[in-house]
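Let me begin by presenting the structure, written as structure tokens, before commenting on it.
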């Protein structure tokens with residue numbers, strides 16, 4: 001896999017508009033195999049994210065380095081009103097620029113500005129949601145607080161019995177999330193987090209690609225290329241003070257059309273569509 005990170009600059013304020021104080025969010029977009037290579041809670045992974053990106057081939061046995069070509073591409077957007085309001089957002093924000101990791105650090109720096117700022121403004125950011133043939137599924141979410149090691153937050157699929165972790169809810173692709181999702185965000189270190197996944201019948205880690213284990217869709221009935229959407233909610237106050245960084249690990253989803261094929265791991269049940 002060799003996906004370059006693309007910088008996006010959209011939603012800049014028009015000349016003469018009132019600019020509020022800006023804030024910067026740091027997001028590292030990595031293939032899941034890079035996280036597995038180091039270990040999600042291994043201090044060496046933080047060293048690699050903070051200053052180990054290199055422009056050369058990195059072999060599986062090497063630690064503390066990340067090949068730049070391995071960094072994952074994901075679209076990033078500020079969720080506008082009124083869509084953001086249904087998710088607990090308030091106020092008007094704009095994505096000034098998303099700076100890709102051109103140096104040794106793996107951080108994409110997302111700079112956000114406000115227009116007509118109010119003290120209780122709340123930003124909602126969406127990461128992902130593109131159609132691709134690889135790295136569609138979020139597998140790992142780590143929080144990077146200043147001066148601390150990475151903390152792993154488990155991802156929990158919707159179920160009858162709730163469990164602690166970041167909810168992974170099923171929702172139609174490329175559509176705004178319903179109002180009921182506002183209460184599903186999990187608050188961690190000043191960030192509200194929620195993952196939206198297309199309602200596909202998939203098998204977790206049911207396949208293996210060149211990028212490691214992958215989820216697989218065994219039957220037709222949905223577009224297997226639809227990528228997860230990570231929603232991040234943060235107050236303007238927390239944004240100005242400096243929010244914790246996020247490390248997101250992505251793995252592939254594949255299509256297997258043979259329903260009689262044996263999978264290396266047990267299959268998951270179809271996920272109900274959350275309305």
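All of the numbers you see were taken from the coordinates with simple rules; none came from a lab. Just so you know, these numbers come straight off a predicted model, no measurement behind them. Positions of Cβ are generated from backbone atoms using ideal geometry, with glycine treated the same way; all protein chains shown enter the neighbour counts.
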Whole-Å distance linking the alpha carbon centroid of the stretch 200-226 with that of the stretch 65-97 is 25
Once residue 41 and residue 85 are pulled to full extension, the length gained, defined as 0.36 nm per residue separation minus their Cα-Cα distance, is 12.4 nm
Row for the stretch 93-183, column shape: gyration tensor on C-alpha, a ≥ b ≥ c, rounded if a/c < 1.5 i.e. under 1.5, prolate if a/b over b/c, else oblate; value rounded
Pseudo-spin-label distance residue 145 to residue 225, built 7 Å along Cα→Cβ, given in nm, is 4.1
quick note, the stretch 23-255, DSSP beta bridge pairs, % antiparallel (nearest 5) is 75
With 0.36 nm assigned to each residue of separation and the Cα-Cα distance removed, residue 120 to residue 69 gains 14.4 nm
